[in-house]
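**Student:** Below are the structure tokens for one structure; questions will follow.
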Amino acid sequence: MANYSHPFIMKKLSFVSLACLVIVSCTPAQEFTGEILPSDVVMQNAATASLSLNSFEFNANANFKTNKIGKEIDGNFIVEGRSDSEGEQMALNINADIAMDLNNVKNNFIVDAEIIVLGPDEVYFLLNSFNSNGGSNDFLPAELINILVGKWWSLGSTISSKQGNITPDPKLLNAQAQVVRIEKEYPITLIDGSYNYHYSVVIDTDKLIDFLEEISQVKEMPFNKEKEQEKLNDIVATGELWIDAKTFITKKIVWNISSKENTGEDDMQANINVTFSNWGNVEPISPPEDAKVFNPASLLESLTGENIIDGFDSDVLNSLTPNNTP
């Protein structure tokens, strides 16, 4: 069973597990002559359709803002990717523009990166560019950036195998029928030549908790029901959903997530728009050529010019160094 929990991947992909799809041109369809099904039937058909396809491509736009005392973060993300083998494999291109103010130290950085996941111990990362400006401290030292940029790195088993599979999975769309509540039904909508059901939806937090608990049991992941319930009680999640009226494949999802009480001291807001395409027909995902093993100890030695390995406990080094042996 594939499991991934690298912090960089987890942050970006947690939003993808809940929400999907970039806004495209939509116009009311006046010529739809088929039977309009009840919304509960449509949702169940959509869940069934998602289980029959094991791959897709997607484009996502996301904005995330958080405001806590001493910490403000405003990030914009554009993600293009494809998922294959029922979420066991993925390839992502990520562009991020992030502004941070941490205890009055301000930084802004722009990142262009790629990630390939082929298995729990086969994860690759490419930093195409990293630009930072503002503040008294750069987010990453220039020397380290120069070492990392332009090379594929194999993260190996530095990715923990104990947290479950968080790769985008077509089966996760099955959650739609289980955890969302339809608030409003719109007229059939035409998107790129196909008719689509269009709904306004909200997250049913009780159903989501039950769903997450079920998933955690299947994937043998720890799950604190009371803690997760407390987190969900503090947010409001509303969105829109478009489902193909013929194939029942999900075309687009938009989510708006915010703190339930905007006090100005501990607020969060996220807007996520994702579009799906090429269901069941994606280009195979292959490993990059000439990837280098990501070894933090070797990187530190490259930065300092000294052999610092002897200064570390062997258990610490083992935890940092990828183990790529079969």
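**Student:** For Val180, enumerate residues with amide H under 5 Å from its amide H, sequence gap 5+ or separate chain, H modeled in the peptide plane.
**Tutor:** Distant-sequence amide H within range of Val180: Asp204.
**Student:** Listing Ile94, Ile243 from the residue with the fewest other Cβ atoms within 10 Å to the one with the most, what is the order?
**Tutor:** Least to most surrounded, the residues fall as Ile94, Ile243.
**Student:** Specify the inter-centroid distance of the range 267-292 and the range 196-263, based on alpha-carbon positions, in whole Å.
**Tutor:** Centre-to-centre (Cα) distance: 20 Å.
**Student:** Hey, which of these cross-link pairs are over 23 Å Cα-Cα: Lys106/Lys292; Lys68/Lys184; Lys184/Lys251; Lys151/Lys252; Lys65/Lys106; Lys68/Lys260?
**Tutor:** Details: Lys106/Lys292 33 Å; Lys68/Lys184 34 Å; Lys184/Lys251 18 Å; Lys151/Lys252 34 Å; Lys65/Lys106 15 Å; Lys68/Lys260 15 Å.
Violating the 23 Å limit, Cα to Cα: Lys106/Lys292; Lys68/Lys184; Lys151/Lys252.
Taken together, the values in this text are just the output of simple stated rules run on the coordinates, not laboratory data. Keep in mind that what you see is a predicted model, and the values were worked out from it rather than measured. Neighbour counts are summed over all protein chains in view; Cβ atoms, including those assigned to glycine, are modelled from backbone coordinates with ideal geometry.
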